[in-house]
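Please read the structure below before turning to the comments.
We did not get these values from a lab; they are worked out from the coordinates using the rules stated. These numbers were taken from a predicted model, which means no experiment stands behind them. Here the Cβ positions follow ideal geometry from the backbone for every residue, glycine too, while neighbour counts run over all protein chains shown.
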Amino acid sequence: MPRPVFRFAPSPNGPLHLGHAYSGLLNHDLAREVGGRFLLRIEDIDRDRCRPAFERAIRDDLAWLGLEWEEPVRRQSDHFADYRAALDRLIEEDLVYPAFLSRGDVRDYIADEEAQGTSWPRDPDCAPLYPVIERNLSRRERNARMDAGAPFAWRIDIDAALERLAGPLDWLEDGAGPQGETGMIAANPRAWGDFVIARRDIPTSYQLSVVIDDALQGITHVVRGSDLFHATAGQRLLQELLGLPVPVYFHHDLVLGEDGRKLSKSRGDSGLSDLRQAGMTPHDIRRMVHLI
């Protein structure tokens with residue numbers, strides 16, 4: 001029987017904090033408990049924010065915590081061809097379309113609709129769903145806009161995609177969702193509307209790259225924060241459309257700040273390097289995230 005494969009996949013766009021430490025340690029511990037493999041993956045498709053210095057710091061922090069991973073480490077920016085191949089398949093099957101509306105265009109369109117009494121739907125993150133008015137643009141008009149250099153993103157046509165499914169869409173949840181959901185979870189990708197699959201200048205998005213990476217690396221167990229619980233629905237849809245294997249999912253509780261909010265790099269929450277410099281030990285970190 002193949003060995004279970006776990007992964008920890010941070011983005012090098014800032015220093016790791018306690019939430020990352022908890023997720024990395026939990027993945028590492030679970031892999032060791034079942035005699036599995038533990039992989040480190042660097043999710044650096046955001047070329048504007050990701051920095052080599054942050055990647056080096058990630059490796060240093062994880063090694064200090066006592067984590068050991070297999071080499072070589074998969075770095076997403078080295079594998080755009082893998083994502084491009086998947087994107088081309090979705091384009092060829094007419095499951096995605098180029099979407100040209102800017103954020104301002106979307107705000108204005110929704111504001112007009114709401115002014116006329118429409119209750120505009122929101123996704124699980126409370127963001128308004130993208131208007132679907134460009135689905136029926138002719139191929140000639142789409143190509144003309146793209147050839148002219150108009151900014152666009154590739155978006156899934158959620159109606160067309162769901163029509164391709166042979167049966168219900170679900171996943172096995174070994175952790176627990178926001179409402180304590182566990183066991184077989186019914187996936188509802190429609191809740192995300194026509195979500196982004198790729199950008200014009202980057203042939204992928206988080207949703208696409210994560211399912212491709214997990215499949216190519218043979219990941220059997222995805223252990224990550226509960227903030228990504230609902231995002232699993234869109235990933236399950238892509239797995240079905242692309243014929244990819246389905247891992248077991250385990251969504252764990254988040255490590256929260258003293259004010260009860262999720263820890264964030266952008267808010268400047270204390271990084272692991274700061275805690276190290278303050279004299280903390282790996283044992284202290286495990287105690288702080290309730291792993292001992």
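Check region 116-129 and report whether any residue there is in contact (Cβ under 8 Å) with a residue 12 or more places away in the chain, exposed (fewer than 12 other Cβ atoms within 10 Å of the Cβ) and of a type outside the set (S, T, N, Q). Yes, region 116-129 contains at least one residue that is in contact (Cβ under 8 Å) with a residue 12 or more places away in the chain, exposed (fewer than 12 other Cβ atoms within 10 Å of the Cβ) and of a type outside the set (S, T, N, Q). Being surrounded by 14 or more Cβ atoms within 10 Å (Cβ to Cβ) and without any contact (Cβ under 8 Å) to a residue 60 or more places away in the chain holds for only one residue in Glu113, Glu92, Glu68, Glu141, and it is Glu113.
Considered as a group, the residues in region 226-239 that are surrounded by fewer than 19 Cβ atoms within 10 Å (Cβ to Cβ) and out of contact with any Lys or Arg (no Cβ under 7 Å at 6 or more places or on another chain) include one that is nearest to Ala86 (Cα to Cα), and that residue is Leu228.
Within region 32-60, restricting attention to residues that are touching a residue at least 60 places away in the same chain (Cβ under 8 Å) and hydrophobic (A, V, I, L, M, F, W, C), the residue that is farthest from Tyr83 (Cα to Cα) is Ala57. Inclusion of Pro98 among residues that are more than 25 Å from Val248 (Cβ to Cβ), touching a residue at least 24 places away in the same chain (Cβ under 8 Å), not charged (D, E, K, R) and not in a loop (DSSP other than H, G, I, E, B) is warranted.
Within region 173-195, the residues that satisfy the criterion of being touching a Phe, Trp or Tyr at 6+ places or on another chain (Cβ under 7 Å) and either among the hydrophobic types (A, V, I, L, M, F, W, C) or outside any loop (DSSP other than H, G, I, E, B) (or both) are Glu173, Ile185, Ala187. Please indicate, with yes or no, whether at least one residue in region 112-121 is in contact with a Ser or Thr (Cβ under 7 Å, 6 or more places away or on another chain) and among the hydroxyl-bearing types (Ser, Thr, Tyr). No: zero hits.
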